[in-house]
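First up is the structure itself, then whatever we jot down about it.
The numbers here are math on the coordinates, done by the rules we state, and not lab data. Everything numeric in this text was worked out from a predicted model, so none of it was measured. Quick reminder, even Gly has a Cβ in these numbers, built from the backbone with ideal geometry, and neighbours come from all protein chains shown.
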Amino acid sequence: MSDSTDNTTFDSEDLNFDDFQLEDFKYEAPFQPAPEVQRDLSFFKSIPVTVTLEVASKEIALGDLMKAGEGTVIELDKLNGEPLDVKVNGSLMGHAEVVVVNEKYGLRLVDVLDSALTGVGH
């Protein structure tokens, strides 16, 4: 066995790019996002959602609620005449007041919050 170590040094002048077969190399450009396209989002308009008019709420201890019976009054967090919360699938959409239309309750929106709903379908 030889005690000599094969130390190969690299000299940049030894490098000849003509030796590489670069014409066979296929370059793929990095991912480029597609240009923004106007999409028809009208199908969102037919998706059913649940609209809820929340009069008010109150957080109370379960023990106090268990004591409640017929005739018990629980004070809520809204004042008389204050706009009520309108929720869509549980998320606050805006505020409204109660109206009666054809003997049924309805709501009249008094303000709509800036939300994702305002941008859908525009």
Counting only residues that are among the aromatic types (Phe, Trp, Tyr) and either loosely packed, with under 10 Cβ neighbours inside 10 Å or farther than 24 Å from Ser91 by Cβ (or both), how many does region 29-44 have? 2
Just give me the residues in region 38-50 being of a type in the set (Ser, Thr, Tyr) and part of a helix (DSSP H, G or I), in sequence order. Ser42, Ser46
Looking at region 26-50, which of the residues that are within 18 Å of the chain's Cα centre (by Cα) and β-branched (Val, Ile, Thr) is farthest from Glu82 (Cα to Cα)? Ile47
With the requirement that a residue be among the hydroxyl-bearing types (Ser, Thr, Tyr) and either surrounded by 10 or more Cβ atoms within 10 Å (Cβ to Cβ) or under 26 Å from Val110 (Cα atoms) (or both), what does region 45-85 give you? Ser46, Thr50, Thr52, Ser57
In region 51-62, what residues are β-branched (Val, Ile, Thr), within 23 Å of Val112 (Cα to Cα) and in a loop (DSSP other than H, G, I, E, B)? Val55
